[in-house]
Amino acid sequence: ALTSHAQANPVSTPARLTIGFSQVGTESDWRTAFSDTIFTEAARRNIELLFLDAENSQENQIAAIHYFIEAGVDAILLAPVIETGWNSILQEAQHANIPVVIIDRNVTADESLYLTRVSSDFRHEGRLAAAWLAQATAGRCNIVELEGTVGSSAARDRHIGFLEVMQLFPDMRITVSQPGDFRRELGQQIMEGILNTEDPSKICAVWSHNDDMAIGAVQAIKNANLDPGDDILIVSVDAIPDIFLAMMNGDTNATVELNTNMAGLAFDAIERYFNGEDVPKWIRVTGGLYFPATAAEEYARRTQ
Ligand code: GYE
């Protein structure tokens, strides 16, 4: 059941693949790094890439896919901003016999409408973050949650995974939860608002759905004359270079890595499809948990 030929069989393998990529936007450092891996990998494979930045709008993404279909691309990569509302455009691509690979966030569409999805397990990321926080606080913690884009599978699943583990500890609770759209400035603004309305001494930790919002929260906490990473613990997801800098300064405590390296896997899947080979329905990337102890090393490794 995990494997299927999702699309009609290709007529023949094109000499040079043309692939349309509809990307979410530039909301975070992780996102821009991920776009870069797509550009680099496409160039390395001599793939012609049509790239459209949707500026966080599903409407723009649907228009982009229409454009790709009209341009007659061989395949489409879709990094969807939100989870629902994709059925009819995916059907159009299927009617045009163009395989679609869903990359990063998920869609709630029938599996037969896309070739495969390449992504991390966001729920697992949430579980890892909560497990770390539970051990760091002996299971006693009032938590501020900074959520990602509303309606995105990444935000929803990180939230659910975190709750799954948090709920094993009766003295851990989320006291405030607000969406910051995965953006640094919003992370800061939201945290400033929270520090103005809540008693900061009752906040034990910030759980941020990405590093950028965590870095925004660090600034807000510093502006309130508190010590981030100490007075308020911070755990987030992505493992971007800037979070390692923050860890080197003692400002955040842990991050769950979201591997940016999905381009090769997505292009491999498309190439396999054109070779008539089976492609699994989910190609999972994994990432570890990182701490201040190795932050300098990780920063160097990722920026050299
Ligand atoms: O964590 C965040 C980005 O979709 C999982 O989107 C991804 C998230 C990532 O903007 O930084």
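The values are calculated or read from the model by the stated rules, or taken from the named source; none is laboratory data. Predicted, not measured: the structure shown is a model, and the values here were computed from it. We place every Cβ from the backbone using ideal geometry, glycine too, and count neighbours over all the protein chains shown.
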Hey, could you check the stretch 24-51 for residues that are away from the ligand (no atom under 16 Å from the Cβ) and not in a helix (DSSP H, G or I) and say which is nearest to the chain's Cα centre (by Cα)? Phe51
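Being modelled with pLDDT of 95 or more and either farther than 25 Å from Pro280 by Cβ or among the basic types (Lys, Arg) (or both), is that true of even one residue in the stretch 5-22? Working first, answer last.
Keep residues of the stretch 5-22 that are modelled with pLDDT of 95 or more, which gives 17-22.
Among the residues that remain, those that are also either farther than 25 Å from Pro280 by Cβ or among the basic types (Lys, Arg) (or both) are: none.
No, every residue in the stretch 5-22 fails to be modelled with pLDDT of 95 or more and either farther than 25 Å from Pro280 by Cβ or among the basic types (Lys, Arg) (or both).
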Take Arg156 and decide whether it is within 16 Å of the ligand (Cβ to nearest atom) and either in contact with a Pro (Cβ under 6 Å, 6 or more places away or on another chain) or free of Cβ contacts under 8 Å to residues at least 24 places away in the same chain (or both). no
Return only the number of the condition from (1) within 12 Å of the ligand (Cβ to nearest atom); (2) surrounded by 22 or more Cβ atoms within 10 Å (Cβ to Cβ); (3) farther than 16 Å from Pro80 by Cβ that Gly148 does not satisfy. (3)
Inside the stretch 52-73, the number of residues satisfying the requirement of being assigned to a loop (DSSP other than H, G, I, E, B) and at negative phi is 3
Here are the criteria: (1) β-branched (Val, Ile, Thr); (2) within 16 Å of the ligand (Cβ to nearest atom); (3) touching a residue at least 60 places away in the same chain (Cβ under 8 Å); (4) closer than 22 Å to Phe274 by Cβ. Tell me which single one Ile102 does not satisfy. (3)
Please go through the stretch 159-194 and pick out each residue that is in contact with a Pro (Cβ under 9 Å, 6 or more places away or on another chain) and within 14 Å of the ligand (Cβ to nearest atom). Leu186
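Please work out if Glu92 is away from the ligand (no atom under 12 Å from the Cβ), surrounded by fewer than 17 Cβ atoms within 10 Å (Cβ to Cβ) and at pLDDT 95 or above.
Considered against the rule, which asks whether it is away from the ligand (no atom under 12 Å from the Cβ), surrounded by fewer than 17 Cβ atoms within 10 Å (Cβ to Cβ) and at pLDDT 95 or above, Glu92 comes out as yes.
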